[in-house]
Amino acid sequence: MPIKQIDHGTKEYKQMVDLRNEILRKPLGLYFQKDELDREKEDILIGAFEEDKMLGCCLLTKIDNKSVRLRQMAVQNNLQGKGIGATMMNFAENVARDAGYKHMIMHARKTAIGFYEKLGYKVSGKEFEEITIPHFIMEKKL
């Protein structure tokens, strides 16, 4: 299962947006706006593939010179729990380290806290609502 960085605006990026819509947005009755997607041009875009089919994805958004935010982690529903997310997280952390970042944070859905805790992330702060569902800030030193 190759994991690689992809470029904004490519057919792989379209697959990424489709997967994120299907897994993260559509179940909440939400959809991406063009300006949201335009802002991702500066992000590090990561996809896990089987041949040309995207299995999972995530993005890294720069916060400052030392910190990066993991966003939009999604794995196809029928493939969750098979190690794809953990493998992508390892790849994302290595990419972030290679880019000079020392700290990764995220707004994790409450339902995903256990997954990220197994990977060494810690909850910081209180529960808050984002895109209509409960989240927590989680972080890890890289």
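Any read-out appearing in this document is the output of simple, stated calculations on the displayed coordinates, not a laboratory observation. The model shown is predicted, which means the values in this text are computed figures rather than measured ones. Every residue, glycine among them, receives a Cβ derived from its backbone with ideal geometry; neighbour counts consider all protein chains shown.
Selection of segment 117-126 for residues being in contact (Cβ under 8 Å) with a residue 24 or more places away in the chain and either aromatic (F, W, Y) or out of contact with any Lys or Arg (no Cβ under 8 Å at 6 or more places or on another chain) (or both) yields only K118.
Residues of segment 9-31 that are of a type in the set (A, V, I, L, M) and either under 15 Å from the mean Cα position of the chain (by Cα) or not in a helix (DSSP H, G or I) (or both): M16, V17, L19, I23, L24, L30.
Considering (1) under 24 Å from K41 (Cβ atoms); (2) without any contact (Cβ under 8 Å) to a residue 12 or more places away in the chain, the lone condition that M73 does not fulfil carries the number (2).
Of the strands (runs of 3 or more DSSP E) entirely within segment 99-142, those holding at least 3 residues that are at negative phi and surrounded by 13 or more Cβ atoms within 10 Å (Cβ to Cβ) occupy 103-109, 133-141. A search for C-beta distances below 6 Å between a residue of segment 31-44 that is at negative phi and of a type in the set (S, T, Y) and any residue that is surrounded by 10 or more Cβ atoms within 10 Å (Cβ to Cβ) and in a helix (DSSP H, G or I), counting only pairs 6+ apart in sequence or on different chains, returns Y31/R25. Each residue in segment 65-84 was checked for being farther than 15 Å from K140 by Cα and either more than 9 Å from the chain's Cα centre (by Cα) or part of a loop (DSSP other than H, G, I, E, B) (or both), and 11 pass.
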